[in-house]
Amino acid sequence: MIDLLQQNEVLVKKSVLSLIVAIVVWQFVSWLMQPSTMPIKQVRIGGELNYVTAEDISTSLSALVDTGYFAMNSSEIVKHATALPWVNKATIRRVWPDTIVLTLVEQKPAAIWNKTALLNTQGEVFKPVFDKSLETLPSLSGVETSSQAILEEYRKVNNAIKSTGIQVSKLSLAEHGSWSAVMSNGIKVSVGHQSPEQAIGKSLRLLASLEGSLIDQLAKVDLRYPNGVSVQWKDGYKFADRVEQIAAFKLKKDQPVKG
């Protein structure tokens with residue numbers, strides 16, 4: 001009986017000690033998590049930044065970093081940072097004892113999208129306030145879900161016509177699936193439902209290869225014909241009445257063209 005009481009006494013003491021330790025640990029952790037404990041004194045911003053400003057970051061994050069070193073909510077800071085239109089990715093780390101380092105990766109604009117937004121290099125839409133310096137970007141348009149496909153097609157067309165010295169400045173895909181484009185020298189191209197890469201590439205390479213570089217005299221090109229193309233010349237230009245040049249516009253689409 002005495003042994004049993006002694007065992008119970010030891011067990012009670014251990015339980016009380018464990019409870020005291022748990023309370024002390026809990027109080028210590030609670031103290032660490034107080035916003036006033038070891039307050040953050042410095043926020044360093046890393047990354048190559050061209051569009052994100054210190055004011056943008058301060059406005060978005062000031063309330064979140066006005067806290068303690070351990071009380072800081074890293075996931076919320078990252079969430080607010082990536083909510084900035086020009087921020088693509090953000091990572092954060094603590095530097096003992098009172099500093100955090102926020103590293104940002106900016107969006108890389110690849111094109112203007114539907115006149116009101118931008119596409120990054122992955123074809124993802126983002127909507128910042130952008131200045132006139134970005135007006136030189138190509139202009140792409142289509143339904144929202146087609147942004148990646150249109151950017152990829154834009155790249156393919158440019159690769160197909162790089163030998164001509166011109167590029168695509170506008171590329172559009174209508175809801176009904178018809179493509180159209182405007183080239184860097186002003187040529188308007190109606191493509192229809194066929195592949196812009198193949199149709200534009202083949203036709204413009206052909207026109208650039210003809211004597212006199214007919215591509216420089218074009219205003220509009222319509223590629224929606226099964227066995228040829230229709231063209232509209234610039235004002236004041238008269239197309240030379242030569243059989244070999246006229247015949248060039250009657251090529252079947254499956255006839256190979258070098259370039």
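Observations on the model:
- Filter result for LYS115 (at positive phi and of a type in the set (D, E, K, R)): yes
- Checked against (1) more than 18 Å from the chain's Cα centre (by Cα); (2) at positive phi, THR164 meets all criteria but (2).
- In region 211-231, the qualifying residues are those that are aliphatic (A, V, I, L, M) and surrounded by 15 or more Cβ atoms within 10 Å (Cβ to Cβ), and the one that is modelled with the lowest pLDDT is LEU214.
The values are calculated or read from the model by the stated rules, or taken from the named source; none is laboratory data. Nothing here was measured: the structure is a model prediction, and the numbers come from that model. Positions of Cβ are backbone-derived with ideal geometry, glycine not excepted, and every protein chain shown enters the neighbour counts.
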